[in-house]
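Peer 1: Sharing a structure below in structure tokens format, with a few things to ask.
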Amino acid sequence: MISCAVTGSADTPGRNPAVPVTPEQIANSCLDAAKAGAAIVHIHVRDPATGRPSMSIDLYRDVVERIRARNKSLVIN
């Protein structure tokens with residue numbers, strides 16, 4: 001199985017501008033990874049205003065809902 005950590009754990013947009021920050025960007029990166037063959041996506045959410053890591057359940061919910069709207073079988077870790 002291929003697993004993809006789309007946001008990394010320590011990467012920030014300042015270090016790499018390709019790191020997704022918003023729930024929409026994170027969900028789209030997950031869906032792109034699935035199209036490329038990933039069976040599992042590992043996510044961390046970020047505060048959209050600052051790009052800093054967040055533990056906001058609302059941000060996690062937003063990402064998961066966006067993924068599930070387009071892919072019901074992708075494993076989210």
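The values are calculated or read from the model by the stated rules, or taken from the named source; none is laboratory data. Owing to the predicted nature of the structure, the values given are computational and were not obtained by experimental measurement. Virtual Cβ from ideal backbone geometry, glycine too; neighbours counted across all protein chains shown. Protein only, heavy atoms only, side chains kept; ligands, DNA and RNA dropped before computing areas. Shrake-Rupley method; radii C 1.70, N 1.55, O 1.52, S 1.80 Å.
Peer 1: Need the failing condition index for Pro20 against (1) without any contact (Cβ under 8 Å) to a residue 40 or more places away in the chain; (2) of a type outside the set (Lys, Arg); (3) in contact with a helix residue (DSSP H, G or I) (Cβ under 8 Å, 6 or more places away or on another chain); (4) within 16 Å of Asn77 (Cα to Cα), just the number.
Peer 2: Every condition holds for Pro20 apart from (4).
Peer 1: Can you name every residue in segment 36-77 that is assigned to a loop (DSSP other than H, G, I, E, B) and of a type in the set (Lys, Arg)?
Peer 2: Result: Arg52, Lys72.
Peer 1: Shifting gears a bit: For segment 9-61, how many residues are basic (Lys, Arg), modelled with pLDDT under 95 and open to solvent by 20 Å² or more (accessible area, probe 1.4 Å)?
Peer 2: Residues meeting the conditions: 2.
Peer 1: Could you tell me whether Val75 is modelled with pLDDT under 95, among the aliphatic types (A, V, I, L, M) and touching a Ser or Thr at 6+ places or on another chain (Cβ under 9 Å)?
Peer 2: no
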